[in-house]
Amino acid sequence: QGTIPDYRLNFGLTWEFHDFAYTILAHYVPSVTDAGFLFPEVGLTEQGFTVNGNSLKVPAYYTIDMQLAYNFGPSYGRYLNGLRLAVGCNNITDVKPPLIASALEDNTDKGVYDILGRFIYFEVSKSF
């Protein structure tokens, strides 16, 4: 059916010290109700995907992402100037997505919740 929360909050904070940059991002999705077939537009009297036929309360969900980067400046010479190396981790607390009974795929809404879990990455970029 799709999850449509009333709002979503995304916070970000970056601290730069010399050539280092440390970033923290937090994402919050409030609790929602999985009504299934109980939406007035559908018109049925049972949720359709739960044992008792009632709506399912999906709990609030949050994730935290972090990244540490180093930016090479002009003092490193022509070839390293503008080079950026970073390591980061998305969903650092490895929060699992909540169960949504009426979800058609993966038993959750992957458009709203992170289905990968903790994800560590490395980045190399160069600006000219």
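The values are calculated or read from the model by the stated rules, or taken from the named source; none is laboratory data. Small disclaimer: the values here were computed from a predicted structure and weren't measured. Cβ sites come from the backbone with ideal geometry, for glycine too, and all protein chains shown count toward neighbours. These area figures cover heavy atoms from the full protein model, side chains too; ligands, DNA and RNA do not enter into them. Shrake-Rupley method; radii C 1.70, N 1.55, O 1.52, S 1.80 Å.
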Test of understanding: in a Gaussian network model of the chain with alpha carbons linked when under 10 Å, which of Pro40, Pro98, Pro30 would top the mean-square fluctuation ranking? Pro40
Identified option (computed mean projected area of the Cα convex hull in nm²; candidates (i) 10.1; (ii) 11.7; (iii) 7.5): (i)
For the chain, give the percent of accessible area contributed by carbon and sulfur heavy atoms, probe 1.4 Å, rounded to a whole number. 61 percent
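What does the charge add up to near Asn91, with Lys and Arg as +1, Asp and Glu as -1, over the other residues with Cβ less than 12 Å from its Cβ? List each step's numbers first, then the result.
Details: positive: Lys96, Arg118; negative: Asp65, Asp94, Asp114.
Once all neighbours under 12 Å are counted, the net charge is -1.
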So, for the chain, what is the accessible surface per residue at a probe of 1.4 Å, expressed in square angstrom? 68 Å²
So which lysines can Lys57 reach, going by Cα to Cα under 20 Å and dropping same-chain residues fewer than 8 places off? Lys96, Lys110
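Compute the relative contact order of the chain as a whole-number percentage, counting only Cα pairs closer than 8 Å that sit 6 or more residues apart in sequence.
Values: 263 pairs, mean separation 28.4, N = 128.
For the chain, the relative contact order is 22 percent.
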Filtered chymotrypsin sites (Phe, Trp or Tyr not before Pro), the range 31-82: DSSP coil and at most 10 other beta carbons within 10 Å: Tyr79
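With an 8 Å Cα cut-off and a minimum separation of 6 or more residues, compute the relative contact order for the range 65-115 in percent.
Working: 57 pairs, mean separation 14.7, N = 51.
Dividing the mean separation by the residue count of the range 65-115 yields 29 percent.
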Around Tyr70, under 15 Å between beta carbons, what's the net of Lys plus Arg minus Asp minus Glu among the other residues? -1
I'd like the accessible area for Val87: 1.4 Å probe, protein heavy atoms, all chains in place, Å² to the nearest 10. 60 Å²
What is the distance in Å between the Cα centres of the range 15-89 and the range 97-123? 10 Å
